[in-house]
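Everything on this sheet refers to the single structure shown next.
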Amino acid sequence: MDTSEALSEEQLKEHEHYMREALNEAEKAINSGEVPIGCVIVYNGNIIGRGHNLRNNLKNPLCHAEISAINEAANFIGDWRLEDCTLYVTVEPCPMCAGAIVQARIPNVVFGTRNVKAGCAGSILNILDEPRFNHQVNVIEGILREECAKPMGEFFKRFRKKASAENSEAQNQ
Ligand SMILES: [Zn+2]
């Protein structure tokens, strides 16, 4: 569901501003050969955490954009609770990151595009809005959807091309 349609023009502008910052982070991921996902965390109008996917480069399955941004924001706040923060991420959070968002008690999440294969803000599960947990997150989706989806589409197209080239190379050997 596109919840961005119910927003005022001013709110929309603000969300788009921070989503562009998250897109800048995603760009860094692209440049280092990672799945292009970027994230920023905003507190009192300031960005206090940034992150992009670094799983491949750091050879660490935990190094998702949201986890890095949460680490930085928690260091800044000096607490594990990130109350009054809004997390912007270009792509719907996976189960690990959605879990971390709930653990950090982040009240607001804004994401750009859905991840039908791993998303846990409604696509596969809805960890962010599960009444049996002790924390529920307000979620807005669809902010700069196309811009957020584009690098993902291009990445996987390139990835598949590379995989099929390597495959045919392997077959020729
Ligand atoms: Zn994740």
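The values are calculated or read from the model by the stated rules, or taken from the named source; none is laboratory data. If you're wondering where the values come from, they're calculated on a predicted model, not measured in any experiment. Because the Cβ atoms are built from the backbone with ideal geometry, glycine has one as well, and the counts that use them run over all protein chains shown. Remember, those area values only see protein heavy atoms, side chains included, never the ligands or the DNA or RNA. Shrake-Rupley method; radii C 1.70, N 1.55, O 1.52, S 1.80 Å.
Whenever a residue of segment 93-114 is in contact (Cβ under 8 Å) with a residue 40 or more places away in the chain, it has no partner that is open to solvent by 50 Å² or more (accessible area, probe 1.4 Å) and within 14 Å of the ligand (Cβ to nearest atom) lying with C-beta atoms less than 9 angstrom away and at least six residues away or across chains.
What residue, of N31, N46, is modelled with pLDDT of 95 or more, polar (S, T, N, Q) and surrounded by fewer than 16 Cβ atoms within 10 Å (Cβ to Cβ)? Of the residues listed, the single one that is modelled with pLDDT of 95 or more, polar (S, T, N, Q) and surrounded by fewer than 16 Cβ atoms within 10 Å (Cβ to Cβ) is N46.
Given the criterion within 12 Å of the ligand (Cβ to nearest atom) and surrounded by 14 or more Cβ atoms within 10 Å (Cβ to Cβ), identify the matching residue among A74, A26, A65. Walk me through how you get there before you give the answer.
Numbers: A74 fails: within 12 Å of the ligand (Cβ to nearest atom); A26 fails: within 12 Å of the ligand (Cβ to nearest atom).
Within the list A74, A26, A65, the selection yields A65.
With respect to being in contact with a Ser or Thr (Cβ under 8 Å, 6 or more places away or on another chain), within 16 Å of the ligand (Cβ to nearest atom), open to solvent by less than 20 Å² (accessible area, probe 1.4 Å) and more than 23 Å from F156 (Cα to Cα), G38 falls outside the description.
Taking the listed residues I106, I77, I30, I48, the one that is within 24 Å of F155 (Cβ to Cβ) and of a type in the set (V, I, T) is I30, with no other qualifying.
Screening S8 against (1) over 23 Å from N115 (Cα atoms); (2) at pLDDT 95 or above; (3) away from the ligand (no atom under 16 Å from the Cβ) leaves a single unmet condition, (2). Return the residues of segment 121-142 that are in a loop (DSSP other than H, G, I, E, B) and either in contact with a strand residue (DSSP E or B) (Cβ under 7 Å, 6 or more places away or on another chain) or open to solvent by 30 Å² or more (accessible area, probe 1.4 Å) (or both); say none if nothing qualifies. Passing the criteria: G122, S123, I124, L125, E130, P131, R132, F133, N134, Q136, V137.
Scanning for something surrounded by fewer than 17 Cβ atoms within 10 Å (Cβ to Cβ) and away from the ligand (no atom under 12 Å from the Cβ), does segment 82-97 turn up at least one residue? If you could, list the steps in order and put the result at the bottom.
So in segment 82-97, the residues surrounded by fewer than 17 Cβ atoms within 10 Å (Cβ to Cβ) come out as 83-84, 95-96.
Pick out the ones that are also away from the ligand (no atom under 12 Å from the Cβ) and you get 83-84.
Yes: one or more hits.
How many of the residues making up segment 12-33 are part of a helix (DSSP H, G or I) and more than 11 Å from the chain's Cα centre (by Cα)? Working first, answer last.
Step one: list which residues in segment 12-33 are part of a helix (DSSP H, G or I), which gives 12-31.
Subsequent filtering for residues that are more than 11 Å from the chain's Cα centre (by Cα) retains 12-18, 20-21, 24, 27-31.
Summing the residues that are part of a helix (DSSP H, G or I) and more than 11 Å from the chain's Cα centre (by Cα) in segment 12-33 gives 15.
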